[in-house]
Amino acid sequence: MTTRWQDWINLVLGIWLFFSPWMLQFTDMTNAALNAYVLGAGIIVFSVWALFNPKVWEERINFIFGLWLFVSPWVLGFTTDKTLTLNVIVIGIAVALLSVTLLVTHWPLSST
């Protein structure tokens with residue numbers, strides 16, 4: 001198991017995202033809730049995988065998940081709920097930045 005703190009934070013963010021439809025009470029917003037369930041589960045899976053067997057592709061996938069989370073309120077049409085929108089945007093930015101941090105610090109860009 002690795003001790004890369006970024007993977008641990010991404011794991012916590014994925015867990016929060018997965019449970020956020022219940023915590024923030026938006027289970028009735030189907031698109032937003034499904035987005036949180038699927039992306040939260042994906043971030044959890046790839047973060048756990050990265051803890052045990054870190055590879056470049058795992059960080060790239062989490063980076064893409066982070067970018068999607070950032071734009072998803074507009075694409076899926078739930079920007080009217082400010083709390084939900086802020087939650088998803090902040091998690092998206094954090095996941096993307098943590099993934100970039102790992103890509104830059106642990107793998108030379110020229111070898112990927």
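So which pairs qualify, if the first residue must be in region 59-81 and over 27 Å from Thr105 (Cβ atoms) and of a type in the set (Phe, Trp, Tyr), the second must be surrounded by fewer than 21 Cβ atoms within 10 Å (Cβ to Cβ) and modelled with pLDDT under 95, the Cβ gap must be under 6 Å, and the two must be at least 6 apart or on different chains?
Phe78/Met29
Which of the residues spanning region 18-46 are touching a helix residue (DSSP H, G or I) at 6+ places or on another chain (Cβ under 7 Å), aliphatic (A, V, I, L, M) and over 15 Å from Asp81 (Cβ atoms)?
Leu39, Ala41, Ile43, Ile44
Kindly evaluate Leu84 against the criterion of being closer than 11 Å to Asn10 by Cβ and buried (at least 17 other Cβ atoms within 10 Å of the Cβ). Outline the logic, then answer.
Values: closer than 11 Å to Asn10 by Cβ: no; buried (at least 17 other Cβ atoms within 10 Å of the Cβ): yes.
In short, no.
When the residues of region 1-57 are narrowed to those that are within 24 Å of Thr105 (Cβ to Cβ), among the polar types (S, T, N, Q) and in contact (Cβ under 8 Å) with a residue 40 or more places away in the chain, which ends up surrounded by the most Cβ atoms within 10 Å (Cβ to Cβ)?
Asn10
The values are calculated or read from the model by the stated rules, or taken from the named source; none is laboratory data. The shown structure was predicted, so the numbers you read here are calculated from the model rather than taken from an experiment. Virtual Cβ from ideal backbone geometry, glycine too; neighbours counted across all protein chains shown.
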